[in-house]
1. Return the pair list, or none, for Cβ contacts closer than 7 Å from residues in segment 161-173 that are free of Cβ contacts under 8 Å to residues at least 24 places away in the same chain and at negative phi to residues that are among the aliphatic types (A, V, I, L, M) and part of a loop (DSSP other than H, G, I, E, B), at least 6 apart or on different chains.
2. So which residues in segment 60-69 are in a strand (DSSP E or B) and farther than 18 Å from Glu200 by Cβ?
3. Of the residues that sit in segment 150-179 and are within 22 Å of Thr68 (Cα to Cα) and of a type outside the set (Phe, Trp, Tyr), which one is surrounded by the most Cβ atoms within 10 Å (Cβ to Cβ)?
4. Can you pull out every residue in segment 36-47 that is assigned to a loop (DSSP other than H, G, I, E, B) and either free of Cβ contacts under 8 Å to residues at least 24 places away in the same chain or touching a Phe, Trp or Tyr at 6+ places or on another chain (Cβ under 7 Å) (or both)?
5. Quick check on Asp29: is it of a type in the set (D, E, K, R) and under 20 Å from Gln202 (Cβ atoms)?
6. Based on what the data block shows, is Pro172 touching a Gly at 6+ places or on another chain (Cβ under 6 Å) and not aliphatic (A, V, I, L, M)?
7. Inspect segment 19-27 for any residue being modelled with pLDDT of 95 or more, in contact with a Gly (Cβ under 7 Å, 6 or more places away or on another chain) and surrounded by 13 or more Cβ atoms within 10 Å (Cβ to Cβ) and give the result as yes or no.
8. Out of all the residues in segment 96-128, which are buried (at least 22 other Cβ atoms within 10 Å of the Cβ), in a strand (DSSP E or B) and modelled with pLDDT under 90?
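The values are calculated or read from the model by the stated rules, or taken from the named source; none is laboratory data. This one's a predicted model, so the numbers in the text were calculated from it and none came from an experiment. Cβ placement follows ideal geometry from the backbone for every residue including glycine, while neighbour counts extend to all protein chains displayed.
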Amino acid sequence: MSGMMAMMAGNARTSIAAAAAASLVYDLDAANFSAVPTSGVSKDATGTYTLTSNAGSSLTWNSANGGTFAKSNNVGTDYIYGGPNYATGQSYTVFMAYKLSATSSGRLLNTQNEGVKDWLMGAYNGNPDTFYPNVTVNLPSTGADTVWHFGWATWNTSTNTGQLYTATNTAPTNYSFTATNAGGGGFNQLRLFSRSSGSEVQSGNIGFVKVYDDVLDLATIQSLHATHKTRFGY
C-alpha cells in the first residue's frame, strides 16, 4: 500500500510539474482594450504578438462582462487575428470564453493560414464546444445556445492526441480523441469570427483567447474556470 501511495504521489508531482511548465504565451483579452485593436499597432497582453484587425461595421468592443469583442452579422471582412505559429511540433492549450448569437452560422475561432493547417475551435455552424485540429473530432450538429462557454483545446504533439474540455457554470467536462492524421494538431495564428477567406462567418461574443505553450491538466483547467467564471455571470 505504501508503494502505491508513493507512486500516486509521484504521479501527482509529475502532473503539477507539467502544468507549471506551461506558460501563457498569447493573451488576447478584451478586458485589456477599450476598442477593437488597431491593426498593426496593438499587441496582445504578453507584448509578443502584433494584432491585425479590421473593425468595419460589424465588429465592436463593449464593456459587458469586463470587456468583449462582438460580431453582429456575417460581414467576412471584419476580423481580428494574431498569435503564434504552432503548425509543426508544438504541444499547446488554447483557452477561450465565448457566447454565440441566435444568428450564428460559421467558425468562431479559426487558423489564419488554412493553407498551412486547417483548425477551428469554439463553435461551428451555430453549435458550441467544437474542436477540429485537422482531424474530425468534435463537430456537434445540435446544441446552439446564447450562454457563455469556456473551452480548453489541448494538443500533445508527442502522443499525437488532443483533448477538449468544456464548461459553462459547472466544472469542465471533456471530450477526448486520438488523431488519425499525423499532420494534425497545429494552427498558424488565430482568427476570430471567420475563415481567412471571409466565409463561414460566426456572430457572437468573445471575451478572450489565451494560448499556453504546453498541455494543461484537468486540475489547472478547473482552477482557471473557477477564476474566470464570475466575470461572465456564473
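1. Thr161/Ala179
2. Of everything in segment 60-69, those that are in a strand (DSSP E or B) and farther than 18 Å from Glu200 by Cβ turn out to be Thr60, Trp61, Asn62, Thr68.
3. Ala153
4. Val36, Thr38, Ser39, Gly40, Val41, Ser42, Asp44, Ala45, Thr46, Gly47
5. The answer is yes for Asp29.
6. no
7. Scanning segment 19-27 turns up at least one residue that is modelled with pLDDT of 95 or more, in contact with a Gly (Cβ under 7 Å, 6 or more places away or on another chain) and surrounded by 13 or more Cβ atoms within 10 Å (Cβ to Cβ).
8. Ala123, Tyr124, Pro128
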